[in-house]
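To keep things clear, I will list the structure first and then write my remarks on it.
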Amino acid sequence: MKLYSKEVMKHFIHPQNVGKMKNYDGLGKAGNLKCGDIMYLYIKVGKDEGGKEIIKNISFETFGCTIAIANTSLLTTMVKGKTLKEALKITKEDLLKRFGRVPLVKIHCSLLAVDALGETIYDYLSKNKKPIPKELRERHERVERDKEIIEIRHKELVEIEEELHQKTKHIK
Ligand code: FES
């Protein structure tokens with residue numbers, strides 16, 4: 001039996017919306033407690049015909065594994081054009097369902113994309129002094145606590161990831 005499903009391989013081999021965005025409206029960073037891998041996610045916010053705020057553009061940069069890359073690629077394709085509220089409703093289980101089969105040891109990697117998206121929307125809302133839903137605030141506090149632990153537990157790796165992040169060029 002193959003380790004990864006066709007859908008995982010599709011997004012891993014041809015990841016969508018990869019790269020560091022210039023002039024973003026929101027930037028989120030999340031880390032994985034178990035492995036120390038980091039995800040950066042960028043959004044550009046626009047409005048739909050009804051005036052609701054939507055994710056007009058999205059991109060990501062990660063130092064995570066196959067599942068982290070494939071998962072985030074999938075998530076970006078799912079939330080592009082969606083309202084911020086709709087995007088926040090997507091869970092790691094939704095992504096896993098779409099992938100069909102993910103090895104047990106890789107389940108934790110699926111949370112990285114969802115956490116980073118939450119952080120990105122949190123960043124956008126707080127920078128623009130907009131109301132932040134309670135659930136998102138709590139999620140943000142957990143991600144912040146996790147990041148503090150990661151910085152101690154995976155110090156060396158985090159430093160390398162930070163250096164790589166600084167050196168990465170922006171996409172247009
Ligand atoms: Fe680190 Fe998957 S092993 S994100």
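Observations on the model:
Quick grid of which residues meet (1) touching a Gly at 6+ places or on another chain (Cβ under 9 Å); (2) within 12 Å of the ligand (Cβ to nearest atom):
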site: 86; (1), (2): no, no
site: 101; (1), (2): no, no
site: 108; (1), (2): no, yes
site: 112; (1), (2): yes, yes
site: 116; (1), (2): yes, yes
site: 124; (1), (2): yes, no
site: 130; (1), (2): no, no
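- Evaluated against (1) touching a His at 6+ places or on another chain (Cβ under 9 Å); (2) more than 19 Å from residue 29 (Cβ to Cβ), residue 72 falls short on exactly one condition, (2).
- For the range 62-80, a tally of residues being surrounded by fewer than 21 Cβ atoms within 10 Å (Cβ to Cβ) and either in contact with a strand residue (DSSP E or B) (Cβ under 8 Å, 6 or more places away or on another chain) or assigned to a strand (DSSP E or B) (or both) returns 1.
- Any hit, the range 123-145, residues being closer than 28 Å to residue 157 by Cα, in contact with an Asp or Glu (Cβ under 6 Å, 6 or more places away or on another chain) and part of a helix (DSSP H, G or I): yes
- Among the residues examined, residue 3 does not qualify as within 15 Å of the ligand (Cβ to nearest atom), of a type outside the set (Ser, Thr, Tyr), touching a residue at least 24 places away in the same chain (Cβ under 8 Å) and closer than 15 Å to residue 114 by Cα.
Yes/no matrix, rows are residues, columns are (1) in contact (Cβ under 8 Å) with a residue 60 or more places away in the chain; (2) away from the ligand (no atom under 14 Å from the Cβ); (3) surrounded by fewer than 16 Cβ atoms within 10 Å (Cβ to Cβ); (4) in a strand (DSSP E or B):
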{"residue": "24", "(1), (2), (3), (4)": "no, yes, no, no"}
{"residue": "30", "(1), (2), (3), (4)": "yes, no, no, yes"}
{"residue": "35", "(1), (2), (3), (4)": "yes, no, no, no"}
{"residue": "45", "(1), (2), (3), (4)": "yes, yes, no, yes"}
{"residue": "54", "(1), (2), (3), (4)": "no, yes, no, yes"}
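Here, each number is a calculation from the coordinates, and none is a lab measurement. Just so it is clear, the structure is predicted and the values come from calculations on it, not from any experiment. All Cβ positions, even for glycine, are placed from backbone atoms using ideal geometry, and neighbour counts span all protein chains on display.
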